[in-house]
Amino acid sequence: MEVYMSKLNPCEAVQEQLSAYLDDELTQQEQQRIYLHVQQCPECSTLLQELESMRTDVKDAVLSSIDTRDLPTILHDQPARWLGWIGWSLFALGVLLVGAFFAWELASELLIGTATPWWFRLGIAGLYLGLAALFLSVLRQRIVARKTDKYKKVNL
Ligand SMILES: [Zn+2]
């Protein structure tokens, strides 16, 4: 096995490591070995150049797709704001529906449930009411924040 490995085409070994070579992920010794091989091997040299230009293309594509000059436009993108609103509305609706379900469960439990002691039922009621109050306070803060945002904009 050892003998077979060492008799492998040296180009194959180099080509396998070209990607790591470009990323500077190899040891100094390996980097040096590949550098020297590429210098005197046209095939590996071409491959390295292809790999390099391919990477530059990908980098350029990524950079140009997120141009920093576009950033303010992206941040003030109207659809993104609508999505934010829809997200919040859906979230609020979900919490309300789930809350209603638990309230219903709680009500029926309080009315017909006899297995649980009264203080436990009281505790659950407090838990749900507390959660509901917390949610409403957060929601109110959001709405107030929105209104002040608009007010500030009008003032400008
Ligand atoms: Zn080679």
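For region 123-135, give me each residue that is among the hydrophobic types (A, V, I, L, M, F, W, C) and either outside any helix (DSSP H, G or I) or surrounded by 12 or more Cβ atoms within 10 Å (Cβ to Cβ) (or both).
I124, A125, L127, L129, L131, A132, F135 - these are the residues of region 123-135 that are among the hydrophobic types (A, V, I, L, M, F, W, C) and either outside any helix (DSSP H, G or I) or surrounded by 12 or more Cβ atoms within 10 Å (Cβ to Cβ) (or both).
Confirm whether W88 is assigned by TED's automatic domain parsing to the domain that holds Q141, at pLDDT 75 or above, more than 30 Å from Q141 (Cβ to Cβ) and of a type in the set (A, V, I, L, M, F, W, C).
No, not satisfied.
Output the number of residues of region 40-61 satisfying the condition of being within 10 Å of the ligand (Cβ to nearest atom) and assigned to a helix (DSSP H, G or I).
Result for region 40-61: 8.
The values are calculated or read from the model by the stated rules, or taken from the named source; none is laboratory data. These numbers come from a predicted model, not from an experiment. Backbone-built Cβ (ideal geometry, glycine too); neighbour counts: all protein chains shown.
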